[in-house]
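Q: Have a look at this one before I ask anything.
The values are calculated or read from the model by the stated rules, or taken from the named source; none is laboratory data. Remember, it's a predicted structure, so these values are computed and weren't measured experimentally. Don't worry about glycine lacking a Cβ; one is built from the backbone with ideal geometry, like all the others, and counts go over all protein chains shown. Note: accessible area is taken over every heavy atom of the protein model, side chains too, but ligands, DNA and RNA are not part of it. Shrake-Rupley method; radii C 1.70, N 1.55, O 1.52, S 1.80 Å.
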Amino acid sequence: MVLKGLKLDDVTVASMLPGCSHLELLEIGKQLHGYAFRHDILIENSFVASTLVDMYCNCRKVQSGRRVFNCVIDRKISLWNAMIIGHAQNEHDEDALMLFMEMEAVAGFCPNATTMASIVPACVHSEAFANKLGIHGYVLKRGLGTDHFVKNVLMDMYSRMGKIKISKTIFENMEVRDIVSWNTIITGFVICGHHDNALLLLHEMQRVEQQKNEHYYEDDNKIPLKPNFVTLVTVLHCCATLSALAKGRKIHAYAIRNMLASDVGVGTALGAEALELFNRMLKDKEVKPNEVTFIIIFTACSHSGMVSEGLSLFYRMKDEHGIEPTSDYYACIVDLLGQIGQVKEAYQFINAMPSNFDKAGAWSSLLAQLWDKAMNVRKKMKEMEIRKKPGCSWIELGDEVHKFVACDASHPQSGQLHGLLETLLEKMRKEGYVPDTSCVLHNVDEEEKETLLCGHSEKLTIAFGILNCLPGTTIRVAKNLRVCNDGHEATKYISRIIEREIILRYVWFA
């Protein structure tokens, strides 16, 4: 078109810039910017300016986008929205909020659904914005509470505040749920630690999709619900947390069939080389580690005994990566120190935690390393009004995850499970097994301690696996607290007696 001597107008420039934005073709976008500037297309054209701002911000050049915004005289709401979205997407939350207030108070524009879809996440992420619940009231006041996109971000907001029931209520009241809606609620359950419910929602999404396929032409509002890479990354995390190997394999197969396995997010979720991937991530200037990244790396350091690497990263994460240490990170480091016997250092580390932090996770990690001194730790926790999370174990069977707590009698097969464990205990004693009652911290006699050991959640879960999993298959059990010495020793004996492999996995962040 240019070679033929035809002049580009504002419509042409505005149509080409979104392509530069999505493909991150910054240099071509700059050339279009220069052309618009030279031909006076930009100064009074808010539409062209909006596409330029979007292009620069999507290419992570927010200040360049802001300069474009500042030079436009007649700013329409689309330009304000583009700049607010640009700030919010690049984690400039305070800038987004300040511009939002300026748009309403100075320019006199009323925010629309597009505005609020970016402002709500900015409110959630901004530490300076304290009244996070108030933003929902503002949305309702502006008459935007029924908007589909606004509902999605409100679901995300409440999930990140730990109010998953409110998120679920919003989700259930939505007339139209697209893949973003489903991904948001599934991710919300993961954020709140309800991994089994997240997997159930995936099944529900697939069921809804199957029903829609059967009646596709009966309702024009039906939206395809095919899981995408965001869905897969989220549910793969659930499978890892719940030790749901069979489900993970199905999801992996789905990813391969739908050409999603090579996606960056899915590939990372499937990858086992966490530390190597992390180092490669740091070399890539365009990719930044986030909060979840550090949880994974600290856990990898703990399992590998890489104390110096974990500690070094902990002390550098704020200055070098802009990630503030939280109570979860402190718990990771306590676990890391305890793994190699540095109990005193772990105790000092807990005492150094900010006073406003929840220390329950850190104390639980320390308690797992101190069975001989655990009573003192429990006493200390009681004095500080810290509750240790109850231990539970779980196992995947088909599409369901079965959970057990210590001395559990609620399961329909409870009688069979306890009976099987008693039978196994007799066989284990003949093989030389001696219960390690030092793991029992209750003030009872030795015989009762042995009975309590038999009811530990991981043993009940193993018994369930023996009764219900196909003969000869590996029994995979996960537990949310570190398994005691007796639990490990008993599992070895049971595995030898039943001649089956048993994998007992500790998942501290469940």
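Q: Can you give me the P(r) profile for the stretch 38-170? Cα pairs, bins 10 angstrom wide beginning at 0, each as a whole percent.
A: The calculated distribution, bin by bin, is 13, 42, 31, 12, 2, 0.
Q: With θ set to phi - 60°, apply the Karplus curve 6.51 cos²θ - 1.76 cosθ + 1.60 along the stretch 94-110 and write out the HN-Hα couplings as whole Hz, x wherever there is a Gly or Pro.
A: 5, 5, 4, 5, 5, 5, 4, 5, 5, 4, 7, 7, 9, 7, x, 8, 8
Q: Rounded to the nearest whole Å², what accessible area per residue is found for the stretch 1-153 with the 1.4 Å probe?
A: On the way: 8040 Å² over 153 residues.
Ligands and nucleic acids excluded, the figure is 53 Å² per residue.
Q: Listed highest first by mean packing, meaning other Cβ atoms within 10 Å per residue, what order do 238-245, 405-412, 418-425 come in? Show your work: numbers first, answer last.
A: Values: 238-245: 21.8, 405-412: 13.5, 418-425: 16.8.
Descending packing order for the listed peptides: 238-245, 418-425, 405-412.
Q: Can you give the percent of C-alpha pairs in the stretch 14-71 whose distance is more than 17 Å? If you can, show how the numbers build up before the last one.
A: On the way: 382 of 1653 pairs.
For the stretch 14-71, the fraction of Cα-Cα distances above 17 Å is 23 percent.
Q: Still on this model: Would you mind checking the pairs Lys403/Lys459; Lys163/Lys403; Lys226/Lys247 and listing those with alpha carbons more than 20 angstrom apart? Spell out each step's value before the answer.
A: Numbers: Lys403/Lys459 12 Å; Lys163/Lys403 23 Å; Lys226/Lys247 17 Å.
Where the Cα-Cα span goes over 20 Å, the pairs concerned are Lys163/Lys403.
Q: Rounded to two decimals, what is the ratio between the C-alpha radius of gyration of the stretch 117-185 and 2.2 N^0.38 Å?
A: Numbers: Rg = 11.2 Å, N = 69, 2.2 N^0.38 = 11.0 Å.
Cα Rg divided by the expected 2.2 N^0.38 Å: 1.02.
Q: Something else now. Would you please give the residues with an amide H less than 5 Å from that of Ala406, counting only those at least 5 places away or on a separate chain, with H modeled from the backbone geometry?
A: Amide H to amide H, under 5 Å and 5 or more residues apart or across chains, Ala406 pairs with Ser457.
Q: Under the Karplus relation 6.51 cos²θ - 1.76 cosθ + 1.60, θ = phi - 60°, what is the ordered set of whole-Hz ³J(HN,Hα) values for the stretch 245-251, x standing for Gly and Pro?
A: For the stretch 245-251, the Karplus curve yields 5, 4, 5, x, 5, 4, 5 Hz.
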